[in-house]
Amino acid sequence: MIKKCDAKCGADCDANLSHLWLRNNIFYYRVELPRKNNKRRYKRISLRTSNFYEAREILRQMTTDIKELFDRIRFLYNGLIFEIANSYPTGGGMGYGMMTIFQIQRRLSKHNKPKNIKELMDLSFRAEQINPIGLNQEDKDLLKEVVAMRPLLQKFIDTLDPISSLELSILSSSNSQPPSVSKRSIKEVLDAMLLKANNCKAEETRKNNNITDILKAVDLSLEDDYSCFHNVETLDKITKYISSLTNVKGDTRRRYLRYIKELAICGSNIDPDNYKANVTANLPNLDKTKKSEKTQHKPYSKEQLLEIFDPKHNYFKENPDAFWACMIALFTGARANSAITLQYDDVFQQDGIDCIQFIENHNIKQLKNEASERIVPIHKQLLELGFVDYVRNRQKKLQAKGSEFIFPRCQTSSGKYNNKYTVRHIIGFFIKIGVKSKSKDGYNFHSFRKNISMAMQDAHIPASYINDTIGWEGKTTMEQSYSNHTLQQISEQLNKFSYDYLVPHFEKWRDILKKIKIS
């Protein structure tokens, strides 16, 4: 989001042409470009600071320096002394009675001070390095005239001071090159990228390791200058390397390329004058992993579910939150994040029906799409297990606010989403009891979502009700248009299916859960 500076910048700039703007925590100096197709256009010049007062001072100094520079150029230019060099005919014939047209050439008089000529040359090179977008038309015209006069200035210096001529020639050559790129290592930019991304520790480590390995493959290291990475040739080389990883799935290659693009864009945000964003323009869009090559999610079989919820195991007795998370997924089709990040206010009664609400109202709650935001009536088997009573008793005993999480382990100590809770903690239990292997066999927390989908289909529940319950976007126009069912209708359809074979286990769990102390 871009925000216009609320305070007056005090830089004595034209309020209609320039502003301080804040974007990605960096202040920019905004100037207006000439209109195109009658549309207003703007250019933002980075001030490389997130501090408003520092940005204001930089802007004031920048505009002051430019004004002083062009005032000095104007003074030196207006002080030049010229004399007529010669005149020669340009046409009209040489005969008697015919007018001859003469063109007058001028040159710099020897009465000019050499130091002023040198200074004017020097300042003209400096002025050329200034972004023309920030100049008014008068300064642009002045600079154009001085640049056009350089041959005369150079000729004057060559005639009077050959040594100074050589010095100015070198100066001209060096100043005509692009400004030198500020020195910063790849590691500096990478650290800034990781800090801004604010990822969990695992994702941060994954990014760092992946980028390090990719750079190593193209003979770069984190200690190298960032400019060695931020150029079209290197990015093209990196892209070819990533594309050549045929033993890596398409989605992984896309992730690698996304990391590289993120690193390139971060450098542009830090220093847009030296590191241009357009270096990423030619990065390709790699193909996604084909569905046939992906490990498909599989529903747990009847035998697997019986083993998972067998009261002989102590895991759920010691971790009742994990038990309820699995139950929520089994009866609502909630994804892992939605199941374990429920707040007390997400369990409520509406129209006399106990419901669970899935909504993205906290920074760690992540829904896949709009259809994922939904209210689902609580299945009668989940009610009989005592889920609502467990939530209310827990909230009362802990004197918890409605905005607090029912399962505190959904957050890390730093307040980030604890994705390891389901991936390692719960799934680790499934591996231990043998219902899942350590390899990617398709069995995971998402499998519960497959189970309820198949159970509802086997009960011949219409697709639109399944979509409303699980949070799917309808495949057809009819499914999308006629899915606005009432809670009473959804509840009636939802209760048409049940996990009858789990009832003996559920009866035992009802008694076990009542004896477990809330902590």
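Could you tell me the calculated FRET efficiency between ASP225 and GLU373, based on Cβ-Cβ distance and R0 = 41 angstrom, to the nearest 0.05? Between ASP225 and GLU373 the formula returns 0.30. Under 19 Å from the Cα of LYS416, which lysines turn up, not counting those fewer than eight places away in the same chain? Those lysines meeting the cut-off are LYS196, LYS201, LYS207, LYS365, LYS368. Distance between the pseudo-spin-label points of LYS237 and LYS440 (7 Å out from Cα toward the beta carbon): 3.0 nm. As a calculated quantity, the FRET efficiency between ILE359 and ARG392 at R0 = 22 Å, using C-beta atoms, amounts to about 0.65. Less than 5 angstrom separates the built amide H of ARG374 from those of PHE358, all sequence-distant by 5 or more or on a different chain. Per-residue extension of 0.36 nm, minus the Cα-Cα distance of PHE75 and ASN25, leaves a gain of 14.0 nm for this segment. When its C-alpha radius of gyration is set against 2.2 N^0.38 Å (N residues), the range 339-477 gives a value of 1.15. Among the chymotrypsin sites (Phe, Trp or Tyr not before Pro) within the range 407-516, those in coil by DSSP and having at most 15 neighbouring Cβ atoms inside 10 Å are TYR482. Quick check: pseudo-label points 7 Å beyond the Cα along Cα→Cβ at ALA277 and ARG107, how many nm apart are they? For the pair ALA277/ARG107, the computed spacing is 5.2 nm.
Computed from label points 7 Å out along Cα-Cβ, the spacing between LYS249 and PHE52 is 4.8 nm. Here the range 297-446 is assigned +1 on the Cβ of each Lys and Arg and -1 on the Cβ of each Asp and Glu. Its dipole about the Cα centre then comes out at about 620 debye.
Whenever you get a sec, compute what percent of the accessible area on the range 364-487 sits on carbon and sulfur atoms (1.4 Å probe). Numbers along the way, then the final one.
Values: 3330 of 6780 Å².
For the range 364-487, the apolar C and S fraction of the accessible surface comes to 49 percent.
Computed on the range 393-455, the Cα convex hull volume stands at 157 Å³ per residue.
Qualifying trypsin sites (Lys or Arg not before Pro) in the range 303-355, where qualification requires a DSSP coil assignment and no more than 10 other C-beta atoms within 10 Å, comprise LYS312.
The values are calculated or read from the model by the stated rules, or taken from the named source; none is laboratory data. Since this is a predicted model, take the numbers as computed values, not measurements. For neighbour counting, all protein chains shown are included, and Cβ atoms are generated from backbone atoms with ideal geometry for every residue, glycine included. Keep in mind that these areas ignore ligands, DNA and RNA; they rest on the heavy atoms of the full protein, side chains included. Shrake-Rupley method; radii C 1.70, N 1.55, O 1.52, S 1.80 Å.
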